[in-house]
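Below is one structure; the comments refer to it alone.
The values are calculated or read from the model by the stated rules, or taken from the named source; none is laboratory data. Quick caveat, the model's predicted, so the values are computed rather than measured. Backbone-built Cβ (ideal geometry, glycine too); neighbour counts: all protein chains shown. The area values use the complete protein model at the heavy-atom level, side chains included, leaving out ligands, DNA and RNA. Shrake-Rupley method; radii C 1.70, N 1.55, O 1.52, S 1.80 Å.
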Amino acid sequence: MTEPRPIVVIVPGLRDHVPNHWQTVLAEQLPGSVTVPRMATNEFSCRAWVAEIDRTLAAVHGPVILVAHSGGVMMVVHWAEKHRRPIHGALLAAPADLEVPLPEGYPTLEALREGGWLPIPRSRLPFPSIVAASTNDPLARYDRVAQYAADWGSRIADVGAVGHLNPAAGFGEWPRAREFIRDLGG
């Protein structure tokens, strides 16, 4: 009997929904994919976001590949620290480094600390993962992201100078996401 194909569960970041973001495009292209519902953009409670991931995963039957971006990556590592569900693998794209001050318009270190985001979990993830890291991300230096990947037991993938891998950096559709999902068995 063959194992069912993993279901892609998309974990967006903390910012507003963007129709032409690569995760939005990916969700439209992958039949059966599920997206963790976005919460209010002023909701900085890590516990609330993690609970939303867990609720979403509880409704999915079968193996899962998580596809997270930016703050969504940090949601996934916080979730993995406290929960166990069958995760086939995870694509962790352009993780935001929440331990250093972010540019204006993003949550402050104080807001993130009060919201329970800090410190960032450094434990080995209990599932295979790929960290897609940009060499010029304004929200995280490459060397910091490489250290997170090492701590999490993730394979690091240098995706080049792609900024924060979002529409502001010129990324709507991002075909490499599908390649990474295939690498994870999806």
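With a requirement of 1 or more residues that are out of contact with any Ser or Thr (no Cβ under 8 Å at 6 or more places or on another chain) and within 20 Å of residue 53 (Cβ to Cβ), the strands (runs of 3 or more DSSP E) lying completely within the stretch 86-186 that satisfy it span 87-93, 129-133.
For (1) open to solvent by less than 60 Å² (accessible area, probe 1.4 Å); (2) touching a Leu at 6+ places or on another chain (Cβ under 8 Å); (3) modelled with pLDDT of 95 or more, each residue gets a yes or a no:
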residue: 136; (1), (2), (3): no, no, yes
residue: 151; (1), (2), (3): yes, no, yes
residue: 156; (1), (2), (3): no, no, yes
residue: 159; (1), (2), (3): yes, yes, yes
residue: 171; (1), (2), (3): yes, yes, no
residue: 176; (1), (2), (3): no, no, yes
residue: 184; (1), (2), (3): yes, yes, yes
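When residue 58 is tested against the conditions (1) in contact with a Phe, Trp or Tyr (Cβ under 9 Å, 6 or more places away or on another chain); (2) at pLDDT 95 or above, the lone failure is (1).
Of the residues 50, 60, only one is open to solvent by less than 50 Å² (accessible area, probe 1.4 Å) and over 15 Å from the mean Cα position of the chain (by Cα); which?
On the way: 50 fails: over 15 Å from the mean Cα position of the chain (by Cα).
The unique qualifying residue is 60.
For residue 80, state whether it is assigned to a strand (DSSP E or B), within 28 Å of residue 31 (Cβ to Cβ), open to solvent by less than 70 Å² (accessible area, probe 1.4 Å) and among the aliphatic types (A, V, I, L, M). It is false that residue 80 is assigned to a strand (DSSP E or B), within 28 Å of residue 31 (Cβ to Cβ), open to solvent by less than 70 Å² (accessible area, probe 1.4 Å) and among the aliphatic types (A, V, I, L, M). Look at residue 113 and say whether it is charged (D, E, K, R) and either under 21 Å from residue 186 (Cα atoms) or buried (at least 18 other Cβ atoms within 10 Å of the Cβ) (or both). No; evaluated as a whole, the condition is false for this residue. Among the residues of the stretch 120-135, not a single one is among the charged types (D, E, K, R), closer than 27 Å to residue 43 by Cα, touching a residue at least 40 places away in the same chain (Cβ under 8 Å) and out of contact with any Cys (no Cβ under 7 Å at 6 or more places or on another chain). Mind listing just one residue for me: the one in the stretch 8-22 that is over 19 Å from residue 47 (Cα atoms) and touching a residue at least 60 places away in the same chain (Cβ under 8 Å) and, of those, most open to solvent (accessible area, probe 1.4 Å)? By that ranking, first place goes to 20.
Just one of the listed residues (88, 69) is buried (at least 23 other Cβ atoms within 10 Å of the Cβ) and touching a Gly at 6+ places or on another chain (Cβ under 8 Å), and it is 69.
When you go through 101, 107 one by one, which is the residue that is closer than 25 Å to residue 163 by Cβ and open to solvent by 70 Å² or more (accessible area, probe 1.4 Å)? Outline the logic, then answer.
Values: 107 fails: open to solvent by 70 Å² or more (accessible area, probe 1.4 Å).
One residue alone meets the criteria, 101.
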